[in-house]
Structures are given as structure tokens and as C-alpha cells.
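This is the structure, below, for whatever I ask next.
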Amino acid sequence: MTEVFGEGAQRAWLFRPDGEPRAVLLFLHGSGELDPTPMAAWIGHPRRIGAAVVYPQYQPHPDAPGATLLDDLTAGLRAALEALGPPELPFGSIGFSRGAHLAVHQAARAADDGLPTARAILAVFPGRLHGDQTADLRKLPPEVDITFLVGDRDQVVGRWLADHTVSELSHHPPGRMRIVEVDSHQDFVADHTAPMRDEPGAHAAFWRRSEALLERIARPV
């Protein structure tokens, strides 16, 4: 079941699982996407195993200037969570490219926004645009676990922002952060578009890690 809330940059899609949800996953796209179509296959995987997935639009058009990204993301997420209603479910985040950067900053201000904080974040090939809204990363709770994925053939964002964010989070427990390189092999190329592909290499690199995040935070079946 799919529901849509809000308009423009504050629009969000809620993908409910077939049964009772075990957790909520915030899914944040890159700067070049708006609606969930490019990520539909990936979104469908955690949904099939019990996640309610919230996909905020957060920008008025692709590559839009980012002064209000977190505010717009928050509005869409809030509407979707209100529709889910009680009880409060375990919460995690998956972000790709611009969305990976936003996932970390959203978690840092979630408590101030009166929203649940992600217990774990999968930050896939993180990137950002100049002027993107940020939060005070010193407010990120120490128990939040963050995995940064970087692609060995990603020539769009490389690994600079993953390294930079880890540096900014020098106060965060080192055991709660890691940078993992996704390697190309055989027919799989770990370039910047790899997370949007529906193929075995992408399933292993991204879908299975999403599944592991869900199992780490979710209520038992």
C-alpha cells in the first residue's frame, strides 16, 4: 500500500508492508531524483521484509538549491509518521548521494524536531551541493550507528564527503562509524549509478546491507 502526503518539496511517499510494520526506514534519494521511480526496486526490498518506507521529495526540482532541505524533509516525514500512528516503531535511515549527507544531519536534529532518531544509518556514496542545509552534528546521539559506503569507480562524489563527515564527527564513538568501500567485480561496476540498478551486484552491495540494517533495529517477527 502506497500513500502520498503534502505537495512540492514537502511531499512524501509512505510505502507500507503487507503486514504489520516492524520498523520505519527513512529513504533519502540523491539530488537528481524527485519521485521514487528510480529507486523503486531497492525500496521494495525492505518493504517486503516488514519495513514501512518513507520517501520524502525534499526538493522542488532536481538539483535544487538546498537552504531548506532539512525543513522540507522534516515536514514530509512528520506527515508520514502521523499517518502510521502509534505505537512508535524502531527507526532507521538509508540515504543515497545528497540523501546520504542529509540522513546524518537529519538524525542530528531529529530530537529538536520532535521526531524519532535513526538507530542506524546507511549512507551510500555520500555527496552534497553547495549551500545544503546542515545541522549541528554535535547533537547526534552517541548510540547512532553509521555505515558510509563509497564506490571504487564512483567519479561523481568519490569518498571525500565520507572522510569529511567522519572528521566532523570526531566526537562520535569510533566504533559507531565505518567507511566501507564497495568494489567492482565481474559485471558489477561500483560507479555512482550502481545503487539505482536492479542487478545481483547491487543487491549484494546495497539491498543486503539495507536488510541487515532493518534486522538490527526491527522488532522480531
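If I ask for residues that are surrounded by fewer than 16 Cβ atoms within 10 Å (Cβ to Cβ) and in a strand (DSSP E or B), which ones from the stretch 168-206 would you list?
Those that are surrounded by fewer than 16 Cβ atoms within 10 Å (Cβ to Cβ) and in a strand (DSSP E or B): Arg178, Val180, Glu181, His185.
Filtering the stretch 43-59 down to residues that are within 12 Å of the chain's Cα centre (by Cα) and hydrophobic (A, V, I, L, M, F, W, C), which residue is farthest from Ala83 (Cα to Cα)?
Step by step, filter the stretch 43-59, then rank; the result is Ile43.
A further question follows. Got a sec? Which of Glu88, Glu3, Glu33 is surrounded by fewer than 20 Cβ atoms within 10 Å (Cβ to Cβ), without any contact (Cβ under 8 Å) to a residue 60 or more places away in the chain and either under 26 Å from Met177 (Cβ atoms) or acidic (Asp, Glu) (or both)?
None of the other options fit; the residue is Glu88.
Follow-up. Is there any pair with a first residue in the stretch 184-211 that is among the hydroxyl-bearing types (Ser, Thr, Tyr) and a second that is assigned to a loop (DSSP other than H, G, I, E, B) and surrounded by fewer than 19 Cβ atoms within 10 Å (Cβ to Cβ) whose Cβ atoms are under 6 Å apart and which are 6 or more apart or on different chains, and what are they?
Partner pairs satisfying both residue conditions: Ser184/Asp152; Ser184/Arg153.
Quick one: which residue in Ala41, Ala51 is of a type in the set (A, V, I, L, M), surrounded by fewer than 20 Cβ atoms within 10 Å (Cβ to Cβ) and under 14 Å from Ile94 (Cβ atoms)?
Checking each option against the conditions leaves just Ala41.
Within the stretch 145-167, restricting attention to residues that are acidic (Asp, Glu) and surrounded by 15 or more Cβ atoms within 10 Å (Cβ to Cβ), which residue is farthest from Ala202 (Cα to Cα)?
Top of the filtered list is Asp145.
Which numbered condition trips up Ala52, out of (1) among the aliphatic types (A, V, I, L, M); (2) under 23 Å from Ala190 (Cβ atoms); (3) not in a helix (DSSP H, G or I)?
(2)
Conditions (1) in contact with a Pro (Cβ under 8 Å, 6 or more places away or on another chain); (2) within 19 Å of Met177 (Cβ to Cβ); (3) surrounded by fewer than 16 Cβ atoms within 10 Å (Cβ to Cβ); (4) modelled with pLDDT under 95, marked per residue:
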residue	(1), (2), (3), (4)
Ala79	no, no, no, no
Glu82	no, no, yes, no
Gly95	yes, yes, no, no
Gly99	no, yes, no, no
His105	no, yes, no, no
Leu115	no, no, no, no
Phe125	yes, yes, no, no
Leu129	yes, no, yes, yes
Thr134	no, yes, no, no
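Out of (1) more than 16 Å from the chain's Cα centre (by Cα); (2) part of a helix (DSSP H, G or I); (3) in contact (Cβ under 8 Å) with a residue 60 or more places away in the chain, the odd one out for Glu82 is which?
Here Glu82 meets the rest and fails (3).
If you scan the stretch 91-115, which residues turn out to be more than 14 Å from the chain's Cα centre (by Cα) and touching a residue at least 40 places away in the same chain (Cβ under 8 Å)?
Within the stretch 91-115, Leu115 is the sole residue that qualifies.
Which numbered condition in (1) surrounded by fewer than 16 Cβ atoms within 10 Å (Cβ to Cβ); (2) of a type outside the set (S, T, N, Q); (3) closer than 21 Å to Ala218 by Cβ; (4) at pLDDT 95 or above is the only one that His61 fails?
(3)
Could you please give the count of residues in the stretch 207-221 that are assigned to a loop (DSSP other than H, G, I, E, B) and charged (D, E, K, R)?
Number of matching residues: 1.
The values are calculated or read from the model by the stated rules, or taken from the named source; none is laboratory data. Worth saying up front: this structure is predicted, and the values here are computed from it rather than measured. Quick reminder, even Gly has a Cβ in these numbers, built from the backbone with ideal geometry, and neighbours come from all protein chains shown.
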